[in-house]
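Student: Got a structure for you, written out below as structure tokens; questions coming shortly.
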Amino acid sequence: MSFLQPDVPGRPGQAPGSVDYRFARRQTLFQFRAGELTRSDVCDAHSELMRVAINCSQKSTAKCPVCEERQLRFVRYVFGPRLPSGGRVVASRAEMRALGDRGSNFRCYTVEVCIECRWNHLLQIEPIGRDKQ
Ligand SMILES: [Zn+2]
């Protein structure tokens, strides 16, 4: 999934083994506001990501930084052993805990999405499960 392949490196996150892309997000928004990126450059969520954001996401309390019309949604994809190659969408904490309890090495990609203007950005990648690395 191309939206899960960041063009810029992340930074180490707060949790061990996690990667934080909030700096890259700020850079993208700065470039957009400076006119270096167009709205179509930054609001390019593809239809599958939009479908998941509408149906299987967690609502954020923060508004979209681009259109400021709607609250953002968090979409979480988990990758790991015995999961589909495109990842598994995890919508609830209970489902996340159940995956973590399986004890394998899983990685969760969290993407924020605006279902109004199609803004989307990878926020972080974090290990989940008992065998975190
Ligand atoms: Zn928006």
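Throughout, read-outs are computed from the coordinates displayed, never taken from laboratory work. Keep in mind it's a predicted model, so treat the numbers as computed, not measured. Positions of Cβ are backbone-derived with ideal geometry, glycine not excepted, and every protein chain shown enters the neighbour counts.
Student: From Arg102, Arg76, Arg70, Arg107, grab the single residue that is more than 26 Å from Val8 (Cβ to Cβ) and not hydrophobic (A, V, I, L, M, F, W, C). Working first, answer last.
Tutor: Details: Arg76 fails: more than 26 Å from Val8 (Cβ to Cβ); Arg70 fails: more than 26 Å from Val8 (Cβ to Cβ); Arg107 fails: more than 26 Å from Val8 (Cβ to Cβ).
After applying the criteria, what remains is Arg102.
Student: Pick out the one residue from Cys64, Cys114 that is within 20 Å of Arg25 (Cα to Cα) and touching a helix residue (DSSP H, G or I) at 6+ places or on another chain (Cβ under 9 Å). Lay out the reasoning, then the answer.
Tutor: Details: Cys64 fails: touching a helix residue (DSSP H, G or I) at 6+ places or on another chain (Cβ under 9 Å).
One residue alone meets the criteria, Cys114.
Student: Turning to a different aspect of this structure: List every residue pair whose Cβ atoms lie under 9 Å apart, where the two residues are 6 or more positions apart in sequence or sit on different chains, the first residue falls within region 8-33 and is on the phi > 0 side of the Ramachandran plot, and the second residue, located anywhere, is among the charged types (D, E, K, R) and buried (at least 17 other Cβ atoms within 10 Å of the Cβ).
Tutor: Matching pairs, first to second residue: Gly17/Arg107; Gly17/Glu126.
Student: Please determine, by comparing only the residues of region 70-89 that are closer than 16 Å to Arg107 by Cβ and among the aliphatic types (A, V, I, L, M), which one is surrounded by the fewest Cβ atoms within 10 Å (Cβ to Cβ).
Tutor: Top of the filtered list is Leu83.
Student: Listed residues Cys67, Cys108, Cys56, Cys43; which is of a type in the set (A, V, I, L, M, F, W, C), touching a Phe, Trp or Tyr at 6+ places or on another chain (Cβ under 8 Å) and surrounded by fewer than 17 Cβ atoms within 10 Å (Cβ to Cβ)? Steps first, answer last, please.
Tutor: Working: Cys108 fails: surrounded by fewer than 17 Cβ atoms within 10 Å (Cβ to Cβ); Cys56 fails: touching a Phe, Trp or Tyr at 6+ places or on another chain (Cβ under 8 Å); Cys43 fails: surrounded by fewer than 17 Cβ atoms within 10 Å (Cβ to Cβ).
Cys67 is the lone residue from the list that is of a type in the set (A, V, I, L, M, F, W, C), touching a Phe, Trp or Tyr at 6+ places or on another chain (Cβ under 8 Å) and surrounded by fewer than 17 Cβ atoms within 10 Å (Cβ to Cβ).
Student: So which pairs qualify, if the first residue must be in region 95-118 and under 13 Å from Val42 (Cα atoms) and away from the ligand (no atom under 16 Å from the Cβ), the second must be of a type in the set (Phe, Trp, Tyr) and in a strand (DSSP E or B), the Cβ gap must be under 7 Å, and the two must be at least 6 apart or on different chains?
Tutor: Correct list of pairs: empty, since none qualify.
Student: Going through region 66-89 one residue at a time, which ones are part of a strand (DSSP E or B), of a type outside the set (Lys, Arg) and within 16 Å of the ligand (Cβ to nearest atom)?
Tutor: Gln71, Leu72, Phe74, Val75
Student: Do we find a residue being away from the ligand (no atom under 16 Å from the Cβ), of a type in the set (Gly, Ala, Ser) and over 14 Å from the mean Cα position of the chain (by Cα) anywhere in region 48-65?
Tutor: No; the residues of region 48-65 include none that is away from the ligand (no atom under 16 Å from the Cβ), of a type in the set (Gly, Ala, Ser) and over 14 Å from the mean Cα position of the chain (by Cα).
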